[in-house]
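One structure is given below, encoded as structure tokens.
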Amino acid sequence: MYLIVTLYILPLILLTTFVEIEYFGWATTSMLAFAGVMAFLHRHDLLPYIQNHGIELVTYISIYIIAGIAWSFAKWTIFLLHFRNEFRAAKFEFQTKNNLCTFEPIPIERMHHSGCVFGGVGNYFEDHLAKINKNFLLKRPLASDNKSKIIAWMSFWPCSIIGFILNDPIRKMFKFIFNALRGSYQKISDSIVNDSEFENKKE
């Protein structure tokens, strides 16, 4: 039992983690190390299996590649939808704070610093994105700029799918729990940090 956990389950967890946090170099290294260990442990059976099941092996590899390509398109679409939703939310927040029409594009002169100043830092969309740590929203996603991600989704699609299934629903669940309990957290904060020194430091 411990041998199965060590040889199969732990490497799968490690590989899934590396893919999910986008440490693709470590994911590749882990995969090669795992494949090397498996090849060594089954070295006496590996060559005969290849000789006797060549067609099956080619079929399995082809299915794996096709599934990886299909998942990379699905994951890329999910990524773009997430980008669009994040951009729209940040745009709406900026327009609302700056009394801009939310049904029209942000004026080009309010997108970034271009020589004219609208009251200093904070009045440009790029400043707003920097403040909420969303600088990646300033540039439209291009496949060429996300080559490593797409290749990783394609290459490690089983781990990518597992990470997606475990990460997204769990993250959404805890986000929902936080939003439901946010008032309680704030009450605790107000009761502990209630010195008048902090009263005028709220943003």
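The values are calculated or read from the model by the stated rules, or taken from the named source; none is laboratory data. Since the model is a prediction, treat every value here as computed from it, not as a measurement. For neighbour counting, all protein chains shown are included, and Cβ atoms are generated from backbone atoms with ideal geometry for every residue, glycine included.
Overview of results
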| item | result |
| --- | --- |
| Residues of the range 145-170 satisfying the condition of being at pLDDT 90 or above and not in a helix (DSSP H, G or I) | none |
| Residue within the range 113-125 that is in contact (Cβ under 8 Å) with a residue 12 or more places away in the chain, outside any helix (DSSP H, G or I) and more than 27 Å from the chain's Cα centre (by Cα) present | yes |
| Unique residue being part of a loop (DSSP other than H, G, I, E, B), under 30 Å from residue 32 (Cα atoms) and modelled with pLDDT of 80 or more when the list is 142, 100 | 142 |
